[in-house]
Amino acid sequence: MLEIKEFNKIIVANWKLNGSSEFLEAYFEELDLKEINSDICGIVCPPITYFQNCYSKLHSLHLGGQDCSKFKEGAYTGEISASMLRESNCEFCIVGHSERRQVFNEKNEEIKLKAELLLEEKIIPIICIGETFEQKKANETKKILKEQIIKSLPRKTSNELVVIAYEPIWAIGSGITPSPQEINNIHEYLKKEIQDIQGYKILYGGSVNSNNANEIMSLENVDGVLVGGASLKPKQFSEILRA
Ligand code: PGA
């Protein structure tokens, strides 16, 4: 397992359901990995069918999955298990992304099962949490985040085994981000007031791009970023890795 505490910042590219062989070729031709600090942990999470192709081109970057099955093995058509991810050189895996929670109706309890199976395979789960705009307006953000954390953290967990990503759902793919102050306040709340995740690395996600990455990553309580749309643009992602 990678020693995540050794890294200063963690930067994740979440490709979601995007990519093609042609895209991959052009992407890695343009991606510029020169002069990236060795204390930056860059992770690329492509669709699983591109793992092998990506792995051969990642150099100092790491490979991550976007999800895994809550089952270990068996009659579960279409599923991909944590051990299969491990065999495909995966070192990280996003779980509980809001698109999984909303479109596929995933619950905290399932996310916890997935994170536990990943840990058994020595894959670091990146557990996503975040509030909807309605919850934010109703002043429920902290309550929702706390509940998501408590219910989705694996039983045997620690700040060296699991990463948290705070992604306000209304900021994902919208081009709208909370103010830097708001991001820092929420991260401070998570770090200082939720005992269960003391000392954990906490990433921010939601409309991160090469223009705002530097400011967001320099916030005191932010340990990195999870990037969707902008990570599909190799030039932008290269800049974010250097931010
Ligand atoms: P975005 O996506 O950067 O396109 O907002 C982030 C995410 O969904 O992880």
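The values are calculated or read from the model by the stated rules, or taken from the named source; none is laboratory data. Bear in mind that the values here come from a model prediction, so they are computed numbers and not experimental data. Positions of Cβ are backbone-derived with ideal geometry, glycine not excepted, and every protein chain shown enters the neighbour counts. The accessibility values were calculated without ligands, DNA or RNA, using every heavy atom of the protein model including side chains. Shrake-Rupley method; radii C 1.70, N 1.55, O 1.52, S 1.80 Å.
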>> If you average the alpha carbon positions of region 91-130 and of region 132-211, how far apart do those two centres end up, in angstrom?
In response: 14 Å
>> Quick check for you: with a 1.4 Å probe and neighbouring chains kept, what is the accessible area per residue of region 80-233, in Å²?
In response: 44 Å²
> Residue by residue, what Karplus-based ³J(HN,Hα) values in Hz, rounded to whole numbers, does region 58-68 have, using 6.51, -1.76 and 1.60 with θ = phi - 60° and x for Gly and Pro?
Replying inline: 7, 6, 7, 7, 10, 9, x, x, 9, 5, 8
>> Could you report the accessible area of His59 in Å², rounded to 10, computed with a 1.4 Å probe on the protein chains as they sit in the structure?
In response: 150 Å²
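Sort Thr77, Thr141 by heavy-atom solvent-accessible area, probe 1.4 angstrom, most to least.
Largest to smallest exposure gives the sequence Thr77, Thr141.
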>> Can you tally the lysine pairs in region 56-133 where the Cα-Cα distance is under 23 Å and the two residues are eight or more apart, or on different chains?
In response: 12
> Going toward the positive end of the dipole of region 99-243, with +1 on Lys and Arg Cβ and -1 on Asp and Glu Cβ, which of Ile216, Trp170, Leu153 do you reach last?
Replying inline: Leu153
>> Let me check I've understood the local charge: for Glu29, count other residues with C-beta under 12 angstrom from its C-beta, Lys and Arg +1, Asp and Glu -1. What total comes out?
In response: -2
>> Nothing charged except the Cβ atoms of Lys and Arg (+1) and of Asp and Glu (-1): what's the magnitude of the dipole of region 15-129 about its Cα centre? Round to the nearest 20 debye.
In response: 380 debye
> How high is the relative contact order of the chain, given as a whole-number percent (alpha carbon pairs under 8 Å, six or more residues apart)?
Replying inline: 21 percent
> Mind checking the dipole of the chain: about its Cα centre, +1 per Lys or Arg Cβ, -1 per Asp or Glu Cβ, Debye to the nearest 20?
Replying inline: 480 debye
> Which chymotrypsin sites (Phe, Trp or Tyr not before Pro) does region 55-105 hold that lie in a coil by DSSP with at most 11 other beta carbons within 10 Å?
Replying inline: Phe104
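Considering only protein heavy atoms and a probe of 1.4 Å, how much of the accessible area of region 145-243 is carbon and sulfur, as a whole percent?
Whole-percent figure for carbon plus sulfur exposure: 45.
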